[in-house]
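The values are calculated or read from the model by the stated rules, or taken from the named source; none is laboratory data. The model shown is predicted, which means the values in this text are computed figures rather than measured ones. So basically every Cβ, Gly included, is an ideal-geometry build from the backbone, and we count neighbours across all protein chains shown. Only protein heavy atoms, including side chains, enter the accessible area calculation; ligands, DNA and RNA are left aside. Shrake-Rupley method; radii C 1.70, N 1.55, O 1.52, S 1.80 Å.
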Amino acid sequence: GDGSEAPGAFALRVVNTDILVHSSDDPGRDLLEGAEDVAFVGGFAAAAKMLGRAVDLVMLDVTDPQRPRARSLAATLARIVRARAVNPRFIAGQMRHGPRGAAELAETVDRLADFAETTDAVAGELFDLLHEAYVTDPAVRGFLLRENPQAAAAIAERLDAARQRGFWHPRRNDVDAGLAALRAEAAS
């Protein structure tokens, strides 16, 4: 239209930003579901870091407009992992959905790894929790391998990559062997 070119304008905005506030008003969806949130929040954080800035990342929960709640990205991700992702009721619900449920578990691991790659907001113990709930639990592991071997392999790959890239320092000594075994079982 009538706009004009402004080279460097976005970079200038990012460099001059101290805080990113990302609001959410959907009680049925969280940051680890879908790629949009990590693309926006993680992308902005990565752009700021590339330009030498560390921006505060604040998630604003406005699902109840009368009681908005602001949390850091780190606190929000920890809350989601503990309250939803490793909750036995959530996992059992996903197991009732067969292959699609297994894909949902893999998506959760994938999104957490995406946030780890683009921000400094993911504590290593969150990967420990996902590993324990999805890989070392025999019932969940068996479900993944039976219903969606590709999801099982994807979980093993993403957890292994998080470990190799230094985002996760497992508490267990047998993680490498367990992830390799899961990948091998998924391939057979």
- Message: Test of understanding: among 89, 71, 67, 82, which residue is in a strand (DSSP E or B) and open to solvent by 40 Å² or more (accessible area, probe 1.4 Å)?
- Response: 71
- If you go through 174, 110, the only one that is of a type in the set (D, E, K, R), open to solvent by 10 Å² or more (accessible area, probe 1.4 Å) and within 11 Å of the chain's Cα centre (by Cα) is 110
- Message: I'd like the full set of residues that are part of a helix (DSSP H, G or I) and surrounded by fewer than 18 Cβ atoms within 10 Å (Cβ to Cβ), limited to region 129-147.
- Response: 129, 132, 136, 138, 139, 142, 145, 146
- Restricting the search to region 20-33, which residues are part of a loop (DSSP other than H, G, I, E, B) and either in contact (Cβ under 8 Å) with a residue 12 or more places away in the chain or of a type in the set (Ser, Thr, Tyr) (or both)? 25, 26, 27, 30, 31, 32, 33
- Message: Taking the condition of being in a helix (DSSP H, G or I) and open to solvent by 40 Å² or more (accessible area, probe 1.4 Å), how many residues in region 93-103 meet it?
- Response: 3
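To keep it simple, each residue is scored yes or no on (1) among the polar types (S, T, N, Q); (2) in contact with a Gly (Cβ under 6 Å, 6 or more places away or on another chain); (3) under 18 Å from residue 25 (Cβ atoms); (4) without any contact (Cβ under 8 Å) to a residue 40 or more places away in the chain.
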{"site": "59", "(1), (2), (3), (4)": "no, no, yes, yes"}
{"site": "67", "(1), (2), (3), (4)": "no, no, yes, yes"}
{"site": "84", "(1), (2), (3), (4)": "no, no, yes, no"}
{"site": "107", "(1), (2), (3), (4)": "no, no, no, no"}
{"site": "115", "(1), (2), (3), (4)": "no, yes, no, no"}
- Query: open to solvent by less than 50 Å² (accessible area, probe 1.4 Å), within 24 Å of residue 178 (Cα to Cα) and outside any helix (DSSP H, G or I): does that describe residue 122?
  - Reply: yes
- Task: Could you look through region 157-171, keep only residues that are over 18 Å from residue 105 (Cα atoms) and open to solvent by 40 Å² or more (accessible area, probe 1.4 Å), and pick out the one that is modelled with the lowest pLDDT?
- Result: 171
